[in-house]
Structure formats: C-alpha cells, structure tokens
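Bear in mind that the values in this text are calculations on the coordinates, not laboratory data. Only a predicted model underlies this, so the values are computations on that prediction, with no experimental measurement involved. Cβ atoms come from the backbone with ideal geometry, glycine included; neighbour counts cover every protein chain shown.
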Amino acid sequence: MNKVNFRFFAIVFGIWTADFFSKIAAEKALLGGDIIPLVGDLLQFRLVYNTGGVFGVLQNNAIFFHIMTGIAIIALITYFIKTKENHIVFQIAISFILGGAFGNFTDRFFRIGVVDFIDMGIGANRFPTYNIADTFITFGAILLAITFFFLTKEEESKSTSNTEKGSNH
C-alpha cells in the first residue's frame with residue numbers, strides 16, 4: 001500500500017479546510033472581543049491572535065515561526081516519504097500533524113497571527129487558547145508516539161521470536 005494516497009491527502013486537506021473555515025467563522029463571530037460560552041466557564045469561544053509559538057511562547061517572532069514551521073513541514077514530509085513505516089495509524093498520525101501544521105502555516109502568512117478561539121478552564125485557571133489545527137497536531141503527535149511505542153514492541157517481539165527460531169535449528 002502506498003503511503004501517500006488519496007486517504008492521506010483527503011485527511012490533510014480536510015483538516016486544513018476545517019481549520020481555515022473555523023477561523024473565518026471565529027473572526028466574524030468574536031471580532032468585538034465577545035466570549036461565547038459553550039459549557040459555562042469550562043468551554044468557551046474567545047478570539048486570540050497568537051504571534052508566537054505553541055501556547056503563546058516567544059510572542060512577536062513571526063519570521064522565526066514562518067521559517068520553523070516551513071522547515072518542520074518539509075522535514076515531516078521527507079521523513080514520511082523516506083521511512084519504511086507503512087502502518088495505517090502512522091499514516092493517519094502524520095496526516096493529522098501535517099493538516100494542522102498547514103492550517104497554522106497559512107495563518108502565519110495571511111493573518112496578523114495564528115487565530116486561536118477554543119478556550120478551556122475554570123475561572124482564572126485557563127488552558128492556553130487553541131484552534132482546530134492545534135487539536136489535530138496534538139492528536140497526531142499522541143498517535144505517532146503510540147505508533148512508535150507499539151511498533152518498537154512489535155519489532156522487538158518479532159526479533160526475539162526470529163532469534164529463538166534460529167537457535168533451535
């Protein structure tokens with residue numbers, strides 16, 4: 001099965017599209033600084049322009065993050081194409097990360113910052129505001145870590161099994 005296939009491109013494009021249009025909707029609905037509660041204070045929509053990195057670190061370093069995001073996308077695509085790993089969960093993980101990365105990369109070029117609008121927390125204890133792209137990057141990274149953990153275990157198991165079979169002959 002070819003790793004770079006219709007499903008891969010559909011997931012990347014679907015995430016980018018959902019992220020793109022959700023940010024347009026957030027900007028229109030929240031431009032005046034409005035906060036829209038969804039689940040009381042726990043989950044709400046609030047518009048924030050992030051000119052830094054993940055969780056707002058290194059604010060106002062747009063050029064640095066343009067370059068770093070571009071390098072990360074190129075490195076991830078290169079790794080994906082060159083690696084022998086072909087497991088479906090690996091493919092989905094990479095497509096989640098790339099879809100989200102392209103979403104935030106687009107913002108860095110066409111907006112004043114990455115549009116974040118999902119706000120979670122209780123009272124003054126808030127998680128950094130994020131967006132759909134960030135969600136998929138996070139889930140993709142978790143899936144990738146799980147894939148590496150289980151594939152490493154699977155390879156170790158196969159290696160041990162092959163070694164034991166070889167020593168019995």
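Ranked by how many other Cβ atoms sit within 10 Å of their own Cβ, fewest first, the residues Ile132, Ile112 fall in the order Ile112, Ile132. Taking other Cβ atoms within 10 Å as a rough exposure proxy, Val39, Val54, Val114 sort from fewest to most as Val39, Val54, Val114. Can you bin the stretch 79-159 into rounded, prolate or oblate? Criterion: square roots of the alpha carbon gyration tensor eigenvalues sorted a ≥ b ≥ c, rounded for a/c under 1.5, prolate for a/b above b/c, oblate for the rest. Oblate shape, in that a/c is at least 1.5 and b/c is the bigger or equal ratio. Exposure proxy shown here: for Ile137, Ile146, the number of other Cβ atoms within 10 Å sets the order, fewest to most, as Ile146, Ile137.
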